[in-house]
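Undergrad: Here you go, one structure.
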Amino acid sequence: MIQGILMFFDEFKFHHDRGLGKWERIGHPVDSLFFLIPFLYTQFFSNIYVFIGLSLFSCLLITKDEFVHAEECIPTEQWLHSVLFVTHPIALYGLWVAWQNNFNMIIQIQSVIIFLFMLYQIIYWNFYIGSQNEAKS
């Protein structure tokens, strides 16, 4: 839940204040997708080593935007990103605990939330805002 609250502030405060360039408009939904994949994996498969690999990949992938963020973000947003980097593996560990204890309903609800957020990122930043930017040109 803490990660979700932090993501809310990152998205609806910082991203909406400064806007997102093309790299982030594409990259942020990719981050969400690769965060969602371990959640979906737990619903259909049981190999812990694959789960660990997917989780580690997700943790590394989210750092890809920091070269852009170093130029685009104010220090407060960069600090928030660092806190999100810490909570990301904790959330995936929480997923593992839920998976091991057969809390499938919680995993399914969280999966839907992540999926809907990813859809929002794709539609809002790439179609809604993208079409507004094209209309201004």
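Undergrad: Kindly list, by first and then second residue, each pair from a residue in region 60-73 that is closer than 16 Å to residue 32 by Cα to a residue that is β-branched (Val, Ile, Thr) and assigned to a helix (DSSP H, G or I), limited to pairs with Cβ atoms under 8 Å and residues at least 6 apart or on different chains.
TA: The qualifying pairs are 61/30.
Undergrad: Out of curiosity, is residue 26 closer than 26 Å to residue 126 by Cα and of a type in the set (A, V, I, L, M)?
TA: The answer is yes for residue 26.
Undergrad: Looking at region 11-42 only, could you name the residues that are under 15 Å from the mean Cα position of the chain (by Cα), over 29 Å from residue 53 (Cβ atoms) and not hydrophobic (A, V, I, L, M, F, W, C)?
TA: The answer is 15, and nothing else.
Undergrad: Only one of (1) closer than 18 Å to residue 113 by Cα; (2) in contact with a Leu (Cβ under 7 Å, 6 or more places away or on another chain) fails for residue 40. Which number is that?
TA: (2)
Undergrad: Report, by residue number, each residue of region 20-45 that is among the small types (Gly, Ala, Ser) and modelled with pLDDT of 95 or more.
TA: 27, 32, listed by residue number.
Undergrad: Filter region 101-128 down to residues that are of a type in the set (S, T, N, Q) and in contact with a Phe, Trp or Tyr (Cβ under 8 Å, 6 or more places away or on another chain), then give me how many there are.
TA: Residues that pass the stated criteria total 2.
The values are calculated or read from the model by the stated rules, or taken from the named source; none is laboratory data. Bear in mind that the values here come from a model prediction, so they are computed numbers and not experimental data. Cβ: placed from backbone, ideal geometry, glycine included. Neighbour counts: every protein chain shown.
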